[in-house]
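The values are calculated or read from the model by the stated rules, or taken from the named source; none is laboratory data. Computed from a predicted model, the values in this text were never measured in an experiment. Reconstructed Cβ throughout: ideal geometry from the backbone, glycine too, with neighbour counts over all protein chains shown. Only protein heavy atoms, including side chains, enter the accessible area calculation; ligands, DNA and RNA are left aside. Shrake-Rupley method; radii C 1.70, N 1.55, O 1.52, S 1.80 Å.
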Amino acid sequence: MPAAATKITPVKPTACLALADGTLFYGTGFGATGDCEAELCFNTAMTGYQEIMTDPSYAGQIVTFTFPHIGNTGVTPEDDETADPVAEGIVVKWDPTEPSNWRATGDLRDWMAARGRIGIGGLDTRRLTRVIRQQGAPHVAISHDPDGNFDIEALVAKARAFAGLEGLDLAKTVTCDKAYTWDEMRWAWPDGYTKRIAKGHKVVAIDFGAKRNILRSLASVGCDVTVLPASATAEEVLAHNPAGVFLSNGPGDPAATGQYAVPMIKGVLAANIPVFGICLGHQMLALALGAKTVKMNHGHHGANHPVKDIETGKVEITSMNHGFTVDAQTLPDGVIETHVSLFDGSNCGIRLLERPVFSVQYHPEASPGPHDSAYLFERFVTLIKKNT
């Protein structure tokens, strides 16, 4: 007799991703339950999902990971770039697996649940990535309900109601509340993170959403770092008598944050001290110098972006996370373009011809390459030494 047919019970979706145009993606939810809305981007990095989730530059965004195996190395407090996740949620191909890594102290799913962040797995992330590339970063809403009950009409309405990142100052939501000093250096085997003891160059870092590893990188090249909130004025910055000023990464529209940050930067530039900017700091330095920034179609997010140093011809593999870019055509006289993306030719770096001021769009602290861009921190210190 033939074997009895096996009855297959369909798995009921427990999460839903709704795009503002009404497109729906169903999958398996993990992490926190509830709803949230944000701009959707994709990231091509194969590692570093915890650093990405805790990077303040991802405020107001949900991240789609193109690499399918997210969660397999677990989580550890050592990899947090700030105290808590900042990205609103994540979208992955495969549901996170049990962690398998000697450094892991926890599970990604539990970590997200404890910190109020929603994840959805089991989606066709290739299709979703094509949507983002072809149509631009969409506004979306994501819902996680263990019972699989979704109010689709309300979810789409939330996606459509999301205001977007243009004109939005998010630096004020992620910056520090008050000034503090930083002395922790980069992780190194076998001691891990160690403290800087020797006296160094006094540097003020403006926190527009600074990643911890940027501050560690500054400390590691000989800087005594004092971190100030994004709202700091030029007078407050210069009161610390810094040998150099660092402008950090951060989220949102640089033109919006620039309403209060650009006057500060202009005041610092007038003092003729070395200035180094990364990401949002790069964009706002360009604004202070008279250039313009524009919103990109889908931005650059990943750890494998080739950038060419125009002055040396060197190609660096870089880590990027930005949805706005400096319009190189608007750079004024005396400011030159130093780096360009080999993906699309967009601006990735500038410097002043007559003063010790430079910035880059990418993240040298994120160990892409893995050390292709570490020289930038050394360059900053060299300019400080020459200027003192």
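Being under 18 Å from Glu51 (Cα atoms) and either in contact (Cβ under 8 Å) with a residue 60 or more places away in the chain or open to solvent by 60 Å² or more (accessible area, probe 1.4 Å) (or both) is the requirement here; does Pro138 meet it? Considered against the rule, which asks whether it is under 18 Å from Glu51 (Cα atoms) and either in contact (Cβ under 8 Å) with a residue 60 or more places away in the chain or open to solvent by 60 Å² or more (accessible area, probe 1.4 Å) (or both), Pro138 comes out as no. Taking the listed residues Asn149, Asn101, Asn72, the one that is in a loop (DSSP other than H, G, I, E, B), without any contact (Cβ under 8 Å) to a residue 12 or more places away in the chain and over 20 Å from the mean Cα position of the chain (by Cα) is Asn149, with no other qualifying. Restricting Ala256, Ala303, Ala271 to residues that are modelled with pLDDT under 95 and either surrounded by fewer than 23 Cβ atoms within 10 Å (Cβ to Cβ) or farther than 12 Å from Ile206 by Cα (or both) narrows the list to Ala303. Of the residues making up the stretch 307-364, those that are crowded, with 24+ Cβ neighbours inside 10 Å and in a loop (DSSP other than H, G, I, E, B) are Gln361, Tyr362, His363. Scanning the stretch 103-133 for residues that are in contact with a helix residue (DSSP H, G or I) (Cβ under 8 Å, 6 or more places away or on another chain) and open to solvent by 50 Å² or more (accessible area, probe 1.4 Å) yields Arg103, Thr105. Among the residues of the stretch 230-243, are any of a type in the set (S, T, N, Q) and open to solvent by less than 10 Å² (accessible area, probe 1.4 Å)? Checked against the condition, which is being of a type in the set (S, T, N, Q) and open to solvent by less than 10 Å² (accessible area, probe 1.4 Å), the stretch 230-243 yields no hits at all. Within the stretch 215-255, can you find the residues that are over 19 Å from Thr173 (Cα atoms) and touching a residue at least 60 places away in the same chain (Cβ under 8 Å)? Across the stretch 215-255, the qualifying residues are Arg216, Ser217, Leu218, Ser220, Val221, Gly222, Cys223, Ala243, Gly244, Phe246. Here Thr105 fulfils each of the conditions (1) modelled with pLDDT of 95 or more; (2) within 28 Å of Ala18 (Cβ to Cβ) apart from (2). For the stretch 87-102, the set of residues classified as in contact with a strand residue (DSSP E or B) (Cβ under 9 Å, 6 or more places away or on another chain) and open to solvent by 20 Å² or more (accessible area, probe 1.4 Å) consists of Glu88, Lys93, Trp94, Asp95, Pro99, listed by residue number.
Restricting attention to the stretch 274-298, the residues being open to solvent by less than 10 Å² (accessible area, probe 1.4 Å) and within 21 Å of the chain's Cα centre (by Cα) number 12.
If you take the residues in the stretch 31-59 that are in a loop (DSSP other than H, G, I, E, B) and under 18 Å from Ile120 (Cβ atoms), which one is most open to solvent (accessible area, probe 1.4 Å)? The residue in question is Thr33.
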